[in-house]
Amino acid sequence: MFIWEQDGNRRVAASRGLSPSWIAAVENVEGPTLGQAAIAARRPVFSVGYPNDPRVGALRSAVIQEGFDTACLVPLFGGGSPQHFHLGTPGAPAAGTPTG
């Protein structure tokens with residue numbers, strides 16, 4: 001769970017199974033990302049083949065290092081501005097995803 005501060009900075013509020021290098025990359029990334037695409041669309045956005053998705057932006061090397069192939073980002077808004085979004089962890093299927 002990431003929080004956008006009023007000053008525009010991002011910080012991780014909660015995580016499970018994410019490496020410190022991933023957290024640092026997300027907190028310090030500049031430029032367009034899949035998360036920013038979800039916020040702009042004001043709806044969940046997903047990517048299959050995330051490392052090769054052009055929306056990965058400057059996070060590409062961190063996405064590869066973390067082992068993400070598929071990502072779903074869900075923006076949550078409070079007072080009309082983005083507050084949080086969620087990114088699934090590597091190897092964890094989304095709820096309702098068939099595993100067999």
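General observations
- Point-charge dipole on Cβ atoms (K/R +1, D/E -1) for the stretch 2-87, about Cα centre, debye to 20: 200
- The HN-Hα couplings worked out from phi for the stretch 2-7 by the Karplus form 6.51 cos²θ - 1.76 cosθ + 1.60 (θ = phi - 60°) are 10, 10, 8, 6, 4, 7 Hz, whole numbers, x standing for Gly and Pro.
- Applied to the stretch 22-27, the Karplus parametrisation 6.51 cos²θ - 1.76 cosθ + 1.60 on θ = phi - 60° returns per-residue 3J(HN,Hα) values of 5, 4, 5, 4, 5, 5 Hz, with x for Gly and Pro.
- Couplings for the stretch 32-44, taken from phi via the Karplus curve 6.51 cos²θ - 1.76 cosθ + 1.60 with θ = phi - 60°, read x, 9, 4, x, 5, 5, 5, 5, 5, 7, 6, 7, x Hz in order; Gly and Pro are left as x.
- Nonlocal amide H pairs with residue 10, under 5 Å, H built at 1.01 Å: 5
- The H on the amide N of residue 2, modeled in the peptide plane, is under 5 Å from the matching H of 13, 85, each at least 5 residues off or on a different chain.
- The length gained on full extension between residue 42 and residue 1, counted as 0.36 nm times the residue separation minus their Cα-Cα distance, comes to 13.1 nm.
- Among the trypsin sites (Lys or Arg not before Pro) found in the stretch 1-85, those both in a DSSP coil and sparsely packed, with 16 or fewer other Cβ atoms within 10 Å of their Cβ, are 16, 42.
Computed from the coordinates by the stated procedures, all read-outs in this text should not be read as laboratory data. Only a predicted model underlies this, so the values are computations on that prediction, with no experimental measurement involved. Because the Cβ atoms are built from the backbone with ideal geometry, glycine has one as well, and the counts that use them run over all protein chains shown.
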